[in-house]
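Here is the structure we will look at.
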Amino acid sequence: MYRIAALHMKVFSSPFSARGEESVYYTAVPWKIRLSPNPFYDRDIVSIKDFSKDDLEFIFDTTDKVSSLKPSERGELGKGRALGYIFYEPSTRTRMSFEAAMASLGGSSIGISDLKSSSVEKGESLADTIRIIDLYSDVIVLRHPLDGSSRFAAELSQNPIINAGSGSEEHPTQALLDLYTILKVKKKIDGLSIAIVGDLKYGRTVYSLLYGLTNYDVDVHLVSPPSLQIRKESIYEVQGKLNIKEHSELEDGVLTDADVIYVTRIQRERFPDLQEYEKVRGTYTIDENTLAKAKPDVAVMHPLPRVDEISQAVDHTKNATYFKQASYGKELRAALLALMLNENLPE
Ligand code: CP
C-alpha cells in the first residue's frame, strides 16, 4: 500500500486537539460528520519528510490522549488486529516498543527478529517475505539495511508499512518520539538550540530528526569527526529551513548554547573499513565534566543503544533524558498504531 496522504491533510485537525478549533473539521460540521478521515488511517510511515507540522502536532496530541485513556478504553483500539514485523537488523527498543504498544491497544504481534529461523535463510526475497507478512497482519513494521527498502515494501503490501529503520537513510518513528520527548521535557520545540553529536554520516536517526526539525524554528549544532560529517545531500535539503552550524569538536560555545544534546552511537556496522571506525571510536563522551559546562537544564538524549558516548555517571543526573525517551517511544507508537488502524478514534 503506497499512497500520498497529503491531499486531505489540510482540512483535518485532531478531535483531541485544542488547535482543532480553527479547523474546517470543527467549525463547519458537527464532529460526527467528518469532512476528512483521520489522515493516518491506513497510511504508510516511510519518511518523516511526508509529515507537516500539523501532522506532527496531531500525533503528539493523540499520544497525550491515548496515554491518558483507561486500559479498558485503550484496549479497544487494536482489538482483534495483528502487527506483523520483520527485522533484518538487530533491535531492542523499536521492536519491543511496537509489540508493547500493540498489546496495550488489545492487539497482537507476530514477526521475525531472528532471520536464521525464517525462510529468509533459505533465500526468500524481501518482496515475497513482505507479501506473506501482509497476508497475516494489519500493519507491518520493517527494519532493513538498505536505503529505500520501506518504500519498496510499501509499494508491494496492501496493509500499511512502518519504516523501523532503512539503512542509514531514515528512522521516522524514532524522530517522532524524539520530537515528542523534546516537547514533553522542554514544553516547546520552537526557539530551542539542539546539538546533534556523533556519527552524523551513518546515523539514520539523525537524518529523520533533522528533517522533522525543519518544521520548527530551531538552531542546530552538528558535531562530528570530519570523516563522519552529515551527508551533503541532506544539508542541501534542510538548508534555509534550519540555522545550522557544523563543528568537529564539542566546543564550550556549543555546550553553553544547547538546550538539548542529542548524542548518537558511532555506527560500527556501517563502516566499509573497520580501521576507519577505530580512528573515530570514542571521539566524544558526555560525562559530568561535559555537563558542568552546559546549561543546568540541558536535556541529554540518545536514541540508544549507547556504547561509550554517555558515561553512566550521567544516568543519575536530572539531565539524563534517554530512558524517558525510550519510554515515550511506546506511547507514541501506540498512538500511531491507533491512528493507522482506526479511521475514527473515540472522543
Ligand atoms: N533507537 C533504536 O532504534 O533502538 P533499537 O535499535 O534497539 O531498536
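The values are calculated or read from the model by the stated rules, or taken from the named source; none is laboratory data. None of the values given here were measured: they were computed from a predicted structure. Every residue, glycine as well, gets a Cβ built from its backbone with ideal geometry; the counts of neighbours run over all protein chains shown.
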Helices (runs of 4 or more DSSP H) wholly inside segment 160-255 containing at least 1 residues that are within 19 Å of the chain's Cα centre (by Cα) and within 16 Å of the ligand (Cβ to nearest atom): 172-186, 204-213
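Do we find a residue being in a helix (DSSP H, G or I) and of a type in the set (A, V, I, L, M, F, W, C) anywhere in segment 136-150?
no
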Please verify whether Glu278 is assigned to a helix (DSSP H, G or I), modelled with pLDDT under 90 and more than 16 Å from the ligand (Cβ to nearest atom), treating the condition exactly as stated. yes
For segment 45-99, enumerate the residues that are assigned to a strand (DSSP E or B) and of a type outside the set (Gly, Ala, Ser). Ile45, Leu83, Tyr85, Ile86, Phe87
Of the residues in segment 281-320 that are in a loop (DSSP other than H, G, I, E, B) and among the β-branched types (Val, Ile, Thr), the one that is surrounded by the fewest Cβ atoms within 10 Å (Cβ to Cβ) is Val307
Give me the residue from segment 65-96 that is within 12 Å of the ligand (Cβ to nearest atom) and either among the charged types (D, E, K, R) or not assigned by TED's automatic domain parsing to the domain that holds Ile132 (or both) and, out of that set, surrounded by the fewest Cβ atoms within 10 Å (Cβ to Cβ). Glu89
